[in-house]
Amino acid sequence: MAEREAWGTRLGFILAAVGSAVGLGNIWQFPFKTATNGGAAFVFVYLLAALLIGLPAILGEFVVGRRAEINAVEAFKRLGRPAWTVVGALGLFIGMWILSYYSVVGGWVIRYIVGSATGAYFDGAGTYFNAVSAGWDAVAFHALFMGLTAVIVAFGIEEGIERATKLMVPSIVVILVGLAVYAFTLDGAGPAYGFYLSPDFGYLSNNLGEVVPFAVSQAFFSLSLGMGAMITYASYLSEDDSLPADGGLIVVLNTAVGLLAGLVVVPLLFVQFGDVPETAAAGGPGALFVSVAQAFTDLGVAGRALGVVFFLVVLIAALSSAISLLEVVTAYFVDNYGYAREKVAFAFAGGLFAVGTLSALDTAWLTWFDTLAYQVLLPVSVLLGVVFVGWVYGPEAVDEIKRGTGGGETFAMAWLWSVRTFVLLGVFATLYLGVTSIYSAPAIPLV
Ligand code: PFF
């Protein structure tokens with residue numbers, strides 16, 4: 001069989017992983033949740049969640065991937081624990097599940113790039129969104145997004161994913177910085193910064209029980225955990241880098257992009273509405289496709305240009321995430337059955353396109369898929385992964401964490417014990433709350 005592919009450089013891996021992490025979760029969810037959950041106080045909780053729970057969990061996935069050097073399903077067999085293959089299979093399943101509807105949202109984004117250029121939603125973004133978010137048009141744009149994803153994956157690790165994300169991730173940062181600077185110069189943006197970032201610890205302490213689990217599940221989704229993506233990406237690492245250093249950088253960059261996105265969208269909303277409107281504060285599709293889009297409509301021609309650039313950056317972020325999910329299943333079939341990468345990528349893109357058609361035709365399906373993924377499937381998968389690296393694979397996992405760090409014994413042991421104890425508890429609590437809230441007040445996480 002042909003030699004397995006690998007990243008060309010360490011930076012290539014880091015950017016691809018950041019590309020997977022930075023997605024709609026950052027640009028769409030994070031700013032609104034920050035603005036309405038205590039501002040900088042929420043950022044503080046999120047950072048703690050990302051560093052104390054997200055980072056150990058992502059390191060766990062890196063350990064499995066790099067050690068096994070094979071796709072997420074096969075990895076557990078290769079590590080000598082075949083019974084745990086179910087965890088890899090679950091991740092692969094969840095990845096496909098999420099990609100099926102994420103692509104529909106990606107399609108909306110493409111639609112809005114066009115709509116910004118032509119001014120199609122300038123008479124009322126709400127009405128426009130209702131008209132285009134579901135139906136055969138949405139199916140067509142969903143096909144386009146899925147097709148683009150498949151093309152990149154078909155080109156392979158170094159030629160496709162690494163090359164694309166090396167361009168995409170820096171573009172996301174540069175464009176967002178540019179947009180943030182532009183937003184800063186607009187009249188009426190001033191109060192936005194106080195609203196967005198002033199720490200409201202009072203709010204936080206009154207709502208700790210809700211804010212903490214929310215921050216934890218946001219960290220899972222945002223770091224692409226539990227979907228097999230980070231296992232798969234780490235499996236293409238051939239060099240002996242320090243996993244903790246890479247993981248830390250990925251977590252920090254991912255959070256930074258979320259914050260930066262807030263410095264774009266919150267001022268834009270203030271310019272138009274003098275506030276963050278209800279539709280945006282609730283997160284959901286209303287946030288980007290109605291409120292933010294509406295904010296462009298007052299700015300005339302500049303608004304059109306701004307809309308094109310803004311939705312372009314959202315598209316890049318969404319695409320660099322989507323390729324990581326299609327890669328999970330592609331890696332499995334390429335590794336295990338030796339099928340041609342292009343064939344697998346296009347076959348699965350086609351199949352998932354078909355599944356996603358449900359969501360494209362009726363957003364109730366989209367919400368259903370998303371809620372189940374966010375509140376049940378992801379926490380279950382992360383929980384099993386954490387139990388595996390902590391309690392089943394512990395000592396060997398410690399060896400792998402230490403590899404490439406030049407010592408690192410203390411860190412590795414601290415990592416192991418964190419995974420075995422409070423990370424596990426934190427993930428369990430998040431799962432419990434996710435499941436119970438489905439019955440009470442379903443939070444609609446992404447859409
Ligand atoms: N980390 C991604 C995000 O924040 O959007 C999560 C993700 C979703 C990754 C969907 C990949 C994907 F296709």
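The values are calculated or read from the model by the stated rules, or taken from the named source; none is laboratory data. Model, not experiment: these values are computed from the prediction. Glycine gets a Cβ as well: all are built from the backbone with ideal geometry, and neighbour counts include every protein chain shown. We work out accessible area using only protein heavy atoms, side chains counted, and drop any ligands, DNA or RNA first. Shrake-Rupley method; radii C 1.70, N 1.55, O 1.52, S 1.80 Å.
Dipole magnitude for region 64-200: computed about the Cα centre from +1 point charges on Lys and Arg Cβ and -1 point charges on Asp and Glu Cβ, it is near 620 debye.
Assuming R0 = 41 Å, what is the FRET efficiency of T9 and L51, from their Cβ-Cβ distance, to the nearest 0.05? For T9 and L51, the calculated efficiency is 0.95. Ordered by 1.4 Å accessible area with all protein chains kept, F270, F141 run largest first as F141, F270.
Accessible surface calculations at 1.4 Å, restricted to protein heavy atoms, place region 1-115 at 28 Å² per residue. Compared with the rule-of-thumb size 2.2 N^0.38 Å for a compact globular protein, region 293-357 has a Cα radius of gyration ratio of 1.66. About its Cα centre, the dipole of region 273-368 is roughly 260 debye, where the only charges are +1 on Lys and Arg Cβ and -1 on Asp and Glu Cβ.
Each helix, a run of at least 4 DSSP H residues, gives -39500 (n - 2.57); summed and divided by the residues of the chain, these come to -23500 deg cm²/dmol at 222 nm.
Computed from the C-alpha gyration tensor, the three semi-axes of the ellipsoid equivalent to the chain are 34, 25, 20 Å, from longest to shortest. Take every pair of alpha-carbon atoms less than 8 Å apart whose residues are at least six positions apart; their mean separation over the length of the chain yields a relative contact order of 34 percent. Across every pair of non-identical alpha carbons in region 314-447, the mean reciprocal distance, once inverted, gives a Kirkwood radius of 17.9 Å. Measuring with a 1.4 angstrom probe and ignoring ligands and nucleic acids, T279 comes out at about 70 Å² accessible. Extension gain, N336 to F201: 0.36 nm times the residue separation minus the Cα-Cα distance gives 43.5 nm. Expressed as a whole percent, the accessible area of the chain that falls on carbon and sulfur atoms is 69 (1.4 Å probe). Rounded to the nearest 10 square angstrom, D362 shows an accessible area of 70 square angstrom against a 1.4 Å probe. Note on D362 and A89: with the Förster distance fixed at 22 Å, the Cβ-Cβ geometry gives a FRET efficiency of about 0.15. Note on V64: accessible area is roughly 0 Å² with a 1.4 Å probe, heavy atoms of protein only. Across region 325-380, counting alpha-carbon atoms alone, Rg and Dmax equal 13.9, 38 Å. Report the normalised scattering of region 158-296 as log10 I(q)/I(0) at q = 0.20, 0.22 Å⁻¹, calculated by the Debye formula with identical scatterers on the alpha carbons. For region 158-296, the Cα-only Debye profile gives -1.34, -1.44.
Ordering F310, G286, A340 by the projection of their Cα atoms onto the charge dipole of the chain, which places +1 on the Cβ of Lys and Arg and -1 on the Cβ of Asp and Glu, puts A340 at the extreme positive end. Sorted largest first, the principal axis extents computed over the alpha-carbon atoms of region 105-225 equal 49, 41, 31 Å.
The residues of region 211-333 have, on average, 23 Å² of accessible surface per residue, using a 1.4 Å probe with all protein chains present.
Here the gap between Y193 and T118, fully extended at 0.36 nm per residue and compared with their Cα-Cα distance, gives a gain of 23.9 nm.
Here is what passes the span test in the chain: the DSSP H helices with alpha carbon length of 27 Å or more along the helix axis and a Kyte-Doolittle mean of 1.0 or above are 85-118, 163-185, 243-273, 300-337, 341-361.
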